[in-house]
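The values are calculated or read from the model by the stated rules, or taken from the named source; none is laboratory data. Remember, it's a predicted structure, so these values are computed and weren't measured experimentally. Every residue, glycine as well, gets a Cβ built from its backbone with ideal geometry; the counts of neighbours run over all protein chains shown. For the accessible areas, the whole protein counts, side chains as well, though only heavy atoms, and no ligand, DNA or RNA atoms are used. Shrake-Rupley method; radii C 1.70, N 1.55, O 1.52, S 1.80 Å.
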Amino acid sequence: MTLAAIAATLVSCGGGGGRPQFGDNEYPVVAVGTSSADMQSTYPATIKGVQDVEIRPKVQGFITQINVKEGQTVGAGQVLFVLDNETATQQVRQAQAAVNTAQQQCNTAKLTYENAQKLHEAKVVGDYELQTAQNNYEVAQAQLAQSQASLASAKEQLSYSYVKSPASGVVGTLPYKKGALVNNANVLTTVSNISSMEVYFSVTEKAAMQLQVAGLQTLPSVKLQLADGSIYGHEGKVTKMSGVIDQATGSVQLIALFQNPEKLLKSGGAGTIIIPRLANDVIIIPQSCVSEVQNKKFVYLLGSDNKVKYSEIKVDAQNDGVNYIVTEGLKTGDKYVTNGITKLTDGMEIKPITPERYQQKISEQAKAMSAGDIVNSIKK
């Protein structure tokens, strides 16, 4: 084992930052200062297409054709499903025949009326005959218009048998198979426009108020962590904020827009929104020098009498897994113990040393260790 590995073993002894057995009550202490830190806030998120359209039939019928597959890209107006339409087709034919008949009757009534006009001008027929011919022609026109309306209605009913996509997008699941009886209560599939995706996440009411004052445009570009832990290759931008506060959670929903050229993001997926932020003039301390009891965090502060005080601190909820940003409990100039905190008790008197001297003593002790000491340190 190398000297560096032995030193690392010594540092790890004791937990909570560790402390080798110097036997002289010496602990490393540093003074609190301020610095800047690149931090990030994370929020659970749900991914949805910019447009998710549920496809439902307008009429009841048996599915006779399924023209698409799950995941297929379709265009607006494309026929996705065909329902049994034999009855509707017959009704169209009957309506068309009625229109043809009405058209012929209208043509005959028109000729009769035009002939009556000529005879009336020649004083061959009277006003009664002319008015009767005119009335018959107008009745025939009305019957033709009525039959044409019936034909249009029959054609519309027939068109309902062809279920089309109202928008371009990607076909979702297909829960119904050919031969299934469906109606307008059944969702045959969902067509999602996934060229770009909206990612929904929620922030606290306080944070939402701050954003509303500053404006969404002040937010930096955000990242999306996918379900497998990877970071999505395109950054997004927060574009919308809900105007309603969720009464159950006290949160406000935000929407970030991400481009999806590779079609990697799927509607209905889950992820985590990552918002980077720069923290200026903040107190940052290593997590290794902090102990946690019942969700409260504590450090050992050094008093002027060289006695340590077990002191509670509060930290920012977001952290990088290595350091904490302290929001309460520490101020510039305070001194705290960085290593060996598991061996300390409240009010205990110590000999403060610098972290550099602490590392030096670790190296000195490692050099002085016997082979048996090394083996025992590994076993611990």
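Values for this structure:
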item: Segment 78-102, residues that are more than 23 Å from Gln141 (Cβ to Cβ), open to solvent by 60 Å² or more (accessible area, probe 1.4 Å), assigned to a helix (DSSP H, G or I) and of a type in the set (S, T, N, Q); result: Thr87, Gln90, Gln91
item: Total residues in segment 293-350, condition open to solvent by 50 Å² or more (accessible area, probe 1.4 Å), hydrophobic (A, V, I, L, M, F, W, C) and over 23 Å from Thr34 (Cα atoms); result: 1
item: Contacts under 8 angstrom Cβ, first residue in segment 173-188 being at positive phi and part of a loop (DSSP other than H, G, I, E, B), partner open to solvent by 50 Å² or more (accessible area, probe 1.4 Å) and aromatic (Phe, Trp, Tyr), 6 or more apart; result: Gly179/Phe62
item: Contacts under 9 angstrom Cβ, first residue in segment 194-208 being over 15 Å from Ser41 (Cα atoms) and among the β-branched types (Val, Ile, Thr), partner open to solvent by 10 Å² or more (accessible area, probe 1.4 Å) and outside any strand (DSSP E or B), 6 or more apart; result: Ile194/Lys263; Ile194/Lys266; Ile194/Ser267
item: Residue satisfying condition, being closer than 30 Å to Asn115 by Cα, open to solvent by 80 Å² or more (accessible area, probe 1.4 Å) and charged (D, E, K, R), within set Glu138, Glu156; result: Glu138
item: Gly236 being within 15 Å of Tyr43 (Cβ to Cβ), in contact with a strand residue (DSSP E or B) (Cβ under 8 Å, 6 or more places away or on another chain) and surrounded by 13 or more Cβ atoms within 10 Å (Cβ to Cβ); result: yes
item: Selection within segment 311-328 - touching an Asp or Glu at 6+ places or on another chain (Cβ under 7 Å) and more than 20 Å from Ala207 (Cβ to Cβ); result: Ile313
item: Val124 among the aliphatic types (A, V, I, L, M), outside any helix (DSSP H, G or I) and over 58 Å from the mean Cα position of the chain (by Cα); result: yes
item: Qualifying residue in segment 179-192 (condition: open to solvent by 60 Å² or more (accessible area, probe 1.4 Å) and either among the hydroxyl-bearing types (Ser, Thr, Tyr) or over 30 Å from Val82 (Cβ atoms) (or both)); result: no
item: Options Gly243, Gly250, Gly215: the member that is touching an Asp or Glu at 6+ places or on another chain (Cβ under 7 Å), modelled with pLDDT under 95 and loosely packed, with under 13 Cβ neighbours inside 10 Å; result: Gly250
item: Selected residue (criterion: surrounded by the fewest Cβ atoms within 10 Å (Cβ to Cβ)) from residues of segment 28-41 that are under 18 Å from Tyr300 (Cα atoms) and either touching a Leu at 6+ places or on another chain (Cβ under 7 Å) or aromatic (Phe, Trp, Tyr) (or both); result: Val32
item: Conditions (1) open to solvent by less than 30 Å² (accessible area, probe 1.4 Å); (2) of a type outside the set (Val, Ile, Thr); (3) at pLDDT 80 or above; number of the one not met by Pro44; result: (1)
item: Qualifying positions in segment 64-77 - hydrophobic (A, V, I, L, M, F, W, C) and part of a strand (DSSP E or B); result: Ile66, Val74
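Residue-wise test of (1) under 30 Å from Tyr43 (Cβ atoms); (2) in contact with a strand residue (DSSP E or B) (Cβ under 6 Å, 6 or more places away or on another chain); (3) β-branched (Val, Ile, Thr).
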| residue | (1), (2), (3) |
| --- | --- |
| Lys307 | no, yes, no |
| Lys314 | yes, yes, no |
| Thr332 | no, no, yes |
| Val337 | no, yes, yes |
| Gly340 | no, yes, no |
| Leu344 | no, yes, no |
| Lys351 | no, yes, no |
| Pro355 | no, yes, no |
